[in-house]
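Here's the structure, in structure tokens; my notes come after.
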Amino acid sequence: MVHPKNLEDFDKMEKLFMNIGVKSWTVDVPCVTGRLKENVNFHLPPEQGGKYFKYGYGEGLHSGTKGYACGLHLIGIMSDGRVAKCTFYSDNPVGRIEDGLRKCWQRIRPVRLEELKCDCQYIELCRGGCRYRASLFGDPNGKDLYKCYYYDKIHCK
Ligand code: SF4
């Protein structure tokens with residue numbers, strides 16, 4: 001996770017992980033939710049945080065399938081048994097572990113790229129970024145501005 005106190009560490013981390021044979025490294029900017037909302041010193045604006053998506057390699061946690069937004073293969077199980085699309089959606093669960101994972105999985109609606117209000121040439125690569133982050137910017141089908149800054153500033157306007 002990228003935050004204002006570790007910005008200088010990414011080059012070193014990249015070298016280290018490659019040297020010791022790490023096969024996959026996911027780098028992300030935290031969504032401003034939960035306790036992070038109260039800790040403004042750890043907030044990074046999109047124009048700053050977005051640059052760090054150049055780090056990370058391999059399949060990664062957010063790998064996906066053509067035509068679909070992030071999360072197609074993900075399901076989040078909270079420690080109290082709630083099941084959600086991913087842990088960011090823990091307040092909007094699709095069920096509980098007692099319902100069975102198959103049932104919960106079937107209740108998760110995949111998001112197709114064509115539903116998004118993204119209008120850029122990078123959509124198949126970016127897949128609209130994080131849907132939860134987009135909703136924090138005001139529209140669950142809108143743009144993830146952190147990703148817009150990574151791919152091309154123009155698309156943030
Ligand atoms: S760069 Fe921005 S506009 Fe383009 S797909 Fe990603 S979130 Fe959508």
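Every number in this text was worked out from the coordinates using simple rules, so none of it is lab data. All of these numbers come straight from a predicted model, not from anything done at the bench. Cβ atoms come from the backbone with ideal geometry, glycine included; neighbour counts cover every protein chain shown.
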Handout entry: Taking the chain and dividing mean pair separation by its residue count, relative contact order in percent (alpha carbons under 8 Å, at least six apart)
Key = 20 percent
Exercise for the section: Can you grab the distance from the C-alpha centre of region 1-35 to the C-alpha centre of region 84-157, Å, no decimals? Expected result: 21 Å
Exercise for the section: Measure nothing fancy, just the Cα-based angle from helix 10-19's long axis to the longest principal axis of the chain, in degrees from 0 to 90, nearest 10. Expected result: 80 degrees
Practice task
Among the lysines, select those whose C-alpha is under 22 Å from the C-alpha of LYS12, and discard any that sit fewer than 8 residues away in the same chain.
Solution key: LYS23, LYS51, LYS54
Problem - Alpha-carbon Rg with Dmax, taken over region 1-102, Å - result: 16.2, 45
Handout entry: Cβ-Cβ FRET estimate between LEU36 and ASN6, R0 fixed at 22 Å, reported to 0.05
Key = 0.95
Completion exercise
region 57-79 scanned against label point 7 Å out from GLU114 along Cα→C-beta; backbone N under 12 Å for 67-68
Practice task
Starting from the Cα-Cα distance between MET13 and ASP139, subtract it from 0.36 nm times their residue separation and give me the gain in nm to one decimal.
Solution key: 42.0 nm
Exercise for the section: Hey, for a label at TYR57 modelled as a point 7 Å past Cα toward Cβ, could you say which residues of region 7-36 have their backbone N under 15 Å away? Expected result: 10-27
